[in-house]
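Since the structure comes first, as structure tokens, the remarks are kept for the end.
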Amino acid sequence: MNSRLKNVIVTCSMALLLFLLSLSCYLKKADDYSFAERRELSSLPQLTLDTVLSGTFMKEFETYAADQFPLRDSFRSLKSTVSLKVLGELDSHQLYLEDGYLVKMEYPRKEEMIQASVDHFRSLYDTYLSGKEMQIYFAAVPDKNYYLASEHGALSMDYEQLFSDLENQLPFAQHIDLTGVLTIDDYYRTDSHWRQERLTDMAAFLLETMGVSQTADYTLHHLEEPFYGVYSGQLGLSVEPDTLSYLTSPVLDACTVISYASGGPEDAKLYDLEKASGKDPYDLFLSGAQPLLVIENPLADTDRELILFRDSFGSSLAPLLAEGYARITIVDTRYVSARLLGELISFGDQDVLFLYSTTMLNSGISFRW
């Protein structure tokens, strides 16, 4: 075969491939959501003279084309396999596999993001907590990279310096160090979150530090459906799934939960089994992202109350803290405007716990004021 014929075959093959890919893109129905990545996918941007001249259309179209590319998950899986198993790279898009755990490198430290969180916590204190008879605590939840980065040779920020800086910048709160009562085994292998069934000792440690006693007798429940966490979809590798479990007790069975997601009080659940089979099974715990929830414990042997400012890690922990309080108000100011809290909560003599993961503090997720 002469070189001219080879060139013709290569050119025609490439042209055919591009044609088939283009045709597939045109015929493929756009997806609204990626279950693998746990996120909404981009939709086709509006084509107008203004969006074309401003460059907005092409920028948004590039994102749309990448999100809607045919066999996108298969290509992502192939890329991760080649990167990690063939080329021997340490990570793929900052995700790596170590000791059976999928881990995201939390690096570099994003000073402006952390400072924005600190400023938000200070504003909450100045507006609602200052000058009141309240015991205030702060606990940072270390991400999985804290435990496995050095073993894997992965990049990581200086966590000890972060914890020290948070303590210095939030002097109004007693800082609770969770690193000594948590291990990597307390986290899901395929997800970023911790496992509720592994948190009983840590919850007892928190309650004891806050001067609250509890003697919980839990029953463990396992869901039959395998749990593939957010990292399994993002990395795209075939990994053994986790088991999603939750804890009940006579006290928790007696608790009531009120949600203010729709503006007014509505009955909610500690464990939403329907959401366990939805887009994000971790939403089993307190129905996932909620702006304001109240857990009332009628069997409490105290009248003490707790206000919990939290991110998603608080969803699975809050039921275990409810064992020690008559009432827990759970606030997520990513979803409710902080300036409205004075109308929704009577701040007085409650205990207050700020509980946030290092991942969220370093991610730039914005709070609402």
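Quick notes on this one:
- Taking each residue of segment 147-172 that is within 20 Å of Y188 (Cβ to Cβ) and among the polar types (S, T, N, Q) and looking for partners that are open to solvent by 50 Å² or more (accessible area, probe 1.4 Å) and at pLDDT below 95 with beta-carbon atoms closer than 9 Å, six or more apart or interchain, yields S156/Y107; S156/S150.
- The residues on offer are F163, F138, F121, and the sole one that is out of contact with any helix residue (DSSP H, G or I) (no Cβ under 6 Å at 6 or more places or on another chain), part of a strand (DSSP E or B) and either of a type outside the set (G, A, S) or modelled with pLDDT of 95 or more (or both) is F138.
- Residue match in segment 193-202 (condition: touching a strand residue (DSSP E or B) at 6+ places or on another chain (Cβ under 8 Å), within 24 Å of E323 (Cα to Cα), among the polar types (S, T, N, Q) and modelled with pLDDT of 95 or more): yes
- Number of residues in segment 147-169 that are hydroxyl-bearing (S, T, Y) and open to solvent by 60 Å² or more (accessible area, probe 1.4 Å) equals 1.
- With respect to the conditions (1) among the small types (G, A, S); (2) assigned to a loop (DSSP other than H, G, I, E, B); (3) open to solvent by 40 Å² or more (accessible area, probe 1.4 Å), G348 lacks only one, and its number is (3).
- Among the candidates S245, S232, S192, the residue that is part of a strand (DSSP E or B) and either touching an Asp or Glu at 6+ places or on another chain (Cβ under 7 Å) or surrounded by 20 or more Cβ atoms within 10 Å (Cβ to Cβ) (or both) is uniquely S245.
- Here Y356 meets the list (1) assigned to a strand (DSSP E or B); (2) under 23 Å from V230 (Cβ atoms); (3) free of Cβ contacts under 8 Å to residues at least 40 places away in the same chain; (4) among the hydroxyl-bearing types (S, T, Y) almost entirely, failing just condition (3).
The values are calculated or read from the model by the stated rules, or taken from the named source; none is laboratory data. Computed from a predicted model, the values in this text were never measured in an experiment. Reconstructed Cβ throughout: ideal geometry from the backbone, glycine too, with neighbour counts over all protein chains shown. We work out accessible area using only protein heavy atoms, side chains counted, and drop any ligands, DNA or RNA first. Shrake-Rupley method; radii C 1.70, N 1.55, O 1.52, S 1.80 Å.
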